[in-house]
């Protein structure tokens, strides 16, 4: 095993600093406790100046503690540091060993215990009190997730280190000078150890009965083979990583011999470290495919029912059972279908919703050409939709993000494994804007009638609005501005698809139907996800349900069902989160009447960053009470 002295020195320095900070903290805390002991009670007169000072001191101490914990976590993850735009350990990748994971869990337990023992929540200001609760929630969730760490698929066709690592290098590791290029090469040289640890973990999973359904393994191989296809591995074409580093090197103002040295270094790293790692992944997938069966759900895994319930809690931040979520989905599908019927009647369509869905799936009128011209037309229109929404934000929001959002095509090398559309957050330093990515591999999967709602979901007023605002919030610890809870984040984005309707932006009935088609798709996910993982639905049953109850193209539906199979529970977050925001808005409108302000309501939803749904309920309830007082 190779030992990195820089990492050891960093750990030792961190230990010394923590010992110093801890002693300083204890001295300050003892002083605070002494102050509390001699203060008179002032229940009728409100807090005294001395008591206010205690609250301020205790809150400052805890916020400093949060920042120390965040710094320690970032230092343990060079990849996270780069993604955040921090200039630390740019020549390293993360440790992915079992020892590292165990150490992370132990640290989480230690920090949670410290939080509870050293800080009194009742002596904190409201903002810091909320931070206490959110840190506690995150730590408990992390420890619960760690209980089933062996059940979570490492490599699968939707994500995994074999695709996420090259994407990270391309999108996050910038090269501004020779030093950056050398750091890139050093990271390429660590692909073997990084991916090797993950491969070893997947091997252990397989031996313990945690295997993907058989159909997934060829898709893993395809994605892995894409990374090592083209130069320098073979003469035809260019591999993604080679293209990325050479194009970045070519932009530098360097002498030709220095450029040549860097290219040679990259070539050697790719041939000697990257290719062997991907060959191992490909060979492993062949072996595991032979061991696998056709069963799709989490129910087949050891302790599968409890694992799936744990996933549902993680992804919804609720205690809803699989049966309850399944029924909510059925109810929502029926409700949305009735709204769709109104539009179908207005359009004069005489037929069932399934027949209307089939018309939308097959009529080329609702698709751009599957050509470069069609792809360019889709990108242009999506960019225009985002631009129009930017000009209307004052009507809906008090707080608006400083960071811009751009529309970008998914890189061809990861089209086969990437989602149809997704959002990447801006860098903390503001140098990289938020990005709405569109996968243009097959234009048949991107119907025109869903274009607006999709842009609103991923861009503005959806993910970009929420995530960029959270990153820019002042006076909050970074674990809050840079963290997230799936039902809140995805629930907001789904809710945001409907907001433009209130501004009259869905002028085309087909685009409005597209909005409903995306909402019913998320409702159907509740039915299908729980069907697969709790009720033993087959892959074909899930596809047929989606075909009957959603308008998406069959290829898109099959890809989505395959996604739910390898990512248990995640698809339930969207609709559960949206339903909570809808519920809170209805409550606010009902109780506040004419004093309800949509801009203020959205500020309450967004102004604290991401929170679990139960805490979001409390925040809105408090705002309503304040408005009424």
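The values are calculated or read from the model by the stated rules, or taken from the named source; none is laboratory data. Remember, it's a predicted structure, so these values are computed and weren't measured experimentally. Cβ atoms come from the backbone with ideal geometry, glycine included; neighbour counts cover every protein chain shown.
Region 173-239 holds helices (runs of 4 or more DSSP H) entirely within its bounds, and those carrying 3 or more residues that are under 24 Å from the mean Cα position of the chain (by Cα) and touching a residue at least 40 places away in the same chain (Cβ under 8 Å) map to 191-207, 216-227. Checked against the criterion of being modelled with pLDDT of 95 or more, surrounded by 12 or more Cβ atoms within 10 Å (Cβ to Cβ) and on the phi > 0 side of the Ramachandran plot, region 335-350 contains not a single residue that satisfies it.
This table checks each residue for (1) surrounded by fewer than 20 Cβ atoms within 10 Å (Cβ to Cβ); (2) at pLDDT 90 or above; (3) assigned by TED's automatic domain parsing to the domain that holds residue 451; (4) not in a helix (DSSP H, G or I).
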site: 378; (1), (2), (3), (4): no, yes, yes, no
site: 382; (1), (2), (3), (4): no, yes, yes, no
site: 388; (1), (2), (3), (4): yes, yes, yes, no
site: 400; (1), (2), (3), (4): yes, yes, yes, yes
site: 418; (1), (2), (3), (4): no, no, yes, yes
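Kindly establish whether residue 573 is under 24 Å from residue 305 (Cβ atoms), over 23 Å from the mean Cα position of the chain (by Cα) and surrounded by 24 or more Cβ atoms within 10 Å (Cβ to Cβ). When the stated conditions are applied, residue 573 does not pass them.
Here residue 423 does not fit the description of being assigned to a helix (DSSP H, G or I), in contact with a helix residue (DSSP H, G or I) (Cβ under 6 Å, 6 or more places away or on another chain) and either at pLDDT below 95 or surrounded by fewer than 16 Cβ atoms within 10 Å (Cβ to Cβ) (or both). The number of residues in region 288-319 being closer than 14 Å to residue 612 by Cα and either touching a residue at least 24 places away in the same chain (Cβ under 8 Å) or crowded, with 18+ Cβ neighbours inside 10 Å (or both) comes to 7.
Of all residues in region 581-607, none that is on the phi > 0 side of the Ramachandran plot has its Cβ atom under 8 Å from the Cβ atom of a residue that is surrounded by fewer than 15 Cβ atoms within 10 Å (Cβ to Cβ) and in a helix (DSSP H, G or I), 6 or more apart or on another chain. Residues that are part of a loop (DSSP other than H, G, I, E, B) and in contact (Cβ under 8 Å) with a residue 60 or more places away in the chain were ranked within region 426-441; the one that is nearest to residue 410 (Cα to Cα) is 440.
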